[in-house]
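The values are calculated or read from the model by the stated rules, or taken from the named source; none is laboratory data. All values derive from a computational prediction rather than experimental measurement. Here Cβ is always computed from backbone atoms with ideal geometry, including for glycine, and neighbour counts include all displayed protein chains.
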Amino acid sequence: MIIPPYLNPGDKIRIVSPAGKVKEEFVLPAVEWLLDKGYRVELGRHVFDSHFQFAGTDQQRLEDLQTALDDSETSAVICSRGGYGTVRIFNKLEYDGLFRHPKWLVGFSDITVLHAGLNRNRMASVHGVMPRYFLNSDGLPGESLQSLMQILAGGGASYAVPASAGNRQGQATGELVGGNLSIISGLQGTGYELNTDGKILFLEDINEFLYHVDRMMLQLKLSGKFEKMAGLVLGNFTDMKDNDSPFGKTISEIILEAVAEYDFPVCFDFPAGHEQKNLALVFGKKWELNVTGQESVFKCPADQ
């Protein structure tokens, strides 16, 4: 696994929009904060463009992302937002420039597509907060941003979360993979589907029907994704929906039913995903998971 160099003040960060369109007021305060911390910041040419629901045409978004990945001076590429659209361009990316000059890619939700592509190419990346949510309503950096910058600086992470009723106790160590469940499901059967053998899988989602989650979890089960997995961490499942005729199971019940025949530890309610608290996770690095009756500890040691 290729671990890009960690960031120092003075390093250059690029911000691009590979998916949905975004307003300037959701990005520029984050730019000012990064500049104030001593980083150089460069925006993609089309970062604020609008083409129907997208931040520019497919070609424009691809050009911005490719330019950022190729840039030898860039240390991190932060996606401005998710939405939808990354899947329309990511298979056209070329990675030669990125391999010559490894750099961190940051984002979540629709950016799961890029995490999957980088993981297939054995490049670590960061599931973390995007610019709109860098700062709290008081203009100060939130815990999500603090965790992101700590990881980008090489400080590792150690998170302890209270026990959840659905948890399954145990210990696991393995490379972390995952992201948004809907995106992961959509990549099944392609050359970018996740390899979960011996790994810890992280999942989150938003605005899905309960029966959709059930179907996607069964898809992963039927395709053998749980058979050799080391552990499962569930982030936020935000604004889940039900039909007029209820599905009859909660999110935790759906997930536990899908993994019932396996013995790996399961941690629910990890604060990552589509909520204000969205702690940063490094995909591609080895993590340690310890789920007990009192708490779940999830940590990735700092590099020496």
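Numbers below:
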item: Count of residues meeting criterion [free of Cβ contacts under 8 Å to residues at least 12 places away in the same chain and among the charged types (D, E, K, R)] in segment 24-38; result: 3
item: Condition met for Val129 (part of a helix (DSSP H, G or I), at pLDDT 95 or above and in contact with a helix residue (DSSP H, G or I) (Cβ under 6 Å, 6 or more places away or on another chain)); result: no
item: Residue tally, condition polar (S, T, N, Q) and in contact with a strand residue (DSSP E or B) (Cβ under 7 Å, 6 or more places away or on another chain), over segment 66-87; result: 3
item: Selection from segment 203-252 of residues that are assigned to a helix (DSSP H, G or I) and in contact (Cβ under 8 Å) with a residue 60 or more places away in the chain; result: Ser252
item: First in segment 8-23 and buried (at least 23 other Cβ atoms within 10 Å of the Cβ), second anywhere and in a loop (DSSP other than H, G, I, E, B) and basic (Lys, Arg), Cβ under 6 Å, 6 or more apart; result: Val22/Arg81
item: Members of segment 62-87 found to be surrounded by fewer than 23 Cβ atoms within 10 Å (Cβ to Cβ) and closer than 22 Å to His274 by Cα, listed by number; result: Gly83, Tyr84, Val87
item: Test result for Asp244, touching a strand residue (DSSP E or B) at 6+ places or on another chain (Cβ under 8 Å) and surrounded by fewer than 13 Cβ atoms within 10 Å (Cβ to Cβ); result: no
item: Conditions (1) assigned by TED's automatic domain parsing to the domain that holds Tyr192; (2) among the polar types (S, T, N, Q); (3) at pLDDT below 95: number failed by Ser137; result: (1)
item: Residue list for segment 137-148, filter: farther than 18 Å from Phe270 by Cα and without any contact (Cβ under 8 Å) to a residue 12 or more places away in the chain; result: Ser137, Asp138, Leu140
item: Any chance Phe90 is crowded, with 18+ Cβ neighbours inside 10 Å, out of contact with any strand residue (DSSP E or B) (no Cβ under 8 Å at 6 or more places or on another chain) and not assigned by TED's automatic domain parsing to the domain that holds Gly179; result: yes
item: Residue in segment 39-61 that is surrounded by the fewest Cβ atoms within 10 Å (Cβ to Cβ), counting only those that are among the charged types (D, E, K, R) and either in contact (Cβ under 8 Å) with a residue 40 or more places away in the chain or under 14 Å from Ile78 (Cβ atoms) (or both); result: Arg40
item: Options Glu227, Glu253, Glu257, Glu275; residue that is closer than 30 Å to Leu148 by Cβ and either surrounded by fewer than 19 Cβ atoms within 10 Å (Cβ to Cβ) or in the same structural domain as His127 (by TED's automatic domain parsing) (or both); result: Glu275
item: Segment 157-202, residues that are free of Cβ contacts under 8 Å to residues at least 40 places away in the same chain and of a type in the set (Val, Ile, Thr); result: Thr190, Thr196
item: Every pair of residues 6+ apart whose Cβ atoms lie under 8 Å, when the first sits in segment 75-87 and is of a type in the set (Gly, Ala, Ser) while the second is modelled with pLDDT under 95 and not in a loop (DSSP other than H, G, I, E, B); result: Ser80/Arg132
item: Condition met for Leu194 (at pLDDT 95 or above, in a helix (DSSP H, G or I) and under 22 Å from Trp287 (Cα atoms)); result: no
item: Matching residues, segment 150-173, being loosely packed, with under 14 Cβ neighbours inside 10 Å and modelled with pLDDT under 95; result: Ala165
item: Looking only at segment 253-304, and only at residues there that are touching a Lys or Arg at 6+ places or on another chain (Cβ under 7 Å) and part of a loop (DSSP other than H, G, I, E, B), the one that is farthest from Leu135 (Cα to Cα); result: Pro265
